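What follows draws every value from the coordinates through simple rules; no lab data is involved. What you see is a predicted model, and the numbers here were worked out from it, not measured in a lab. When we count neighbours, we look across all protein chains shown, and the Cβ atoms used for this are built from the backbone with ideal geometry, even at glycine.
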Ligand code: ATP
């Protein structure tokens with residue numbers, strides 16, 4: 001059902017001293033879509049993603065995943081509820097092997113998979129991402145695009161329902177971006193709701209079903225269907241000339 005809400009954030013505020021990183025942000029992301037969140041540097045995109053993933057405890061506001069309230073500021077509870085994040089600077093220790101990375105991914109959700117089951121799962125996700133690596137290879141020895149694929153597979157190994165990627169295109173070449181976008185569409189077809197933090201309008205309009213704009217910590221647009229907004233209007237909304 002495309003109308004169900006995968007992630008709902010209500011009245012989220014985050015203050016860092018006198019800086020309001022987020023001010024009363026409320027947004028509902030529909031299930032099964034690819035959603036983009038855009039804004040200029042400092043608009044609050046990363047803070048928003050981290051609140052949704054339970055990493056940042058907001059000063060105010062609530063989060064619901066799959067229609068159920070999730071206690072804020074609790075990564076374990078957020079992951080159990082089915083949300084995962086891949087950070088802009090990858091989070092897996094570079095000295096980890098691929099197998100260690102996947103065990104790390106499963107543990108956070110208290111999942112009890114046998115080693116064989118886990119390997120079957122991560123192999124399936126890495127295959128879907130078009131990547132072949134050996135379990136004993138170390139993260140630091142892999143090309144950056146493969147490292148990103150391992151991060152994504154790590155996030156999906158416990159069958160996350162909502163996947164947030166924070167500026168995933170920043171580390172990729174143009175062909176790497178095309179490849180990632182193709183893979184994300186396959187994930188979407190498999191039922192994963194995807195939230196992409198992006199900053200290029202062209203990328204937003206080429207991949208996302210909806211776009212949400214943050215400016216100065218406030219929600220100023222969205223989620224708006226990308227079929228209902230064009231590049232000039234989106235640019236104006238991001239910069240604040242609307
Ligand atoms: P970028 O594209 O540069 O990553 P962003 O849209 O993701 O920007 P955030 O990183 O969420 O924006 O930052 C929003 C605001 O909050 C900025 O003014 C930033 O300086 C501030 N901020 C973010 N994290 C912290 C922190 N840990 N301590 C103090 N201020 C912070």
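A few comments on the model shown:
- Peptides 19-25, 185-191, ordered by how many other C-beta atoms sit within 10 Å of their residues on average, highest first, read 19-25, 185-191.
- Only Cα pairs under 8 Å and 6+ residues apart enter the sum, and on that basis the relative contact order of the chain stands at 27 percent.
- The chain - share of DSSP beta bridges that are antiparallel (%, nearest 5): 55 percent
- Remark on the range 1-63: hydrodynamic radius 12.2 angstrom, per the Kirkwood mean of 1/r across alpha carbon pairs.
- Cα long-axis angle, helix 174-189 against the chain (0 to 90 degrees, to the nearest 10): 90 degrees
- Ordered by the count of other Cβ atoms within 10 Å of each Cβ, fewest first, 116, 79, 121 give 116, 121, 79.
- Computed on the chain, the Cα convex hull volume stands at 119 Å³ per residue.
- Remark: the range 25-121 projects, on average over all directions, an area of 7.7 nm² (convex hull of Cα atoms).
- Counting beta carbons within 10 Å around each of 92, 129, 214 and listing the fewest first gives the order 92, 129, 214.
- Using alpha-carbon coordinates, inclination of helix 98-107 to the longest axis of the chain, degrees: 60 degrees
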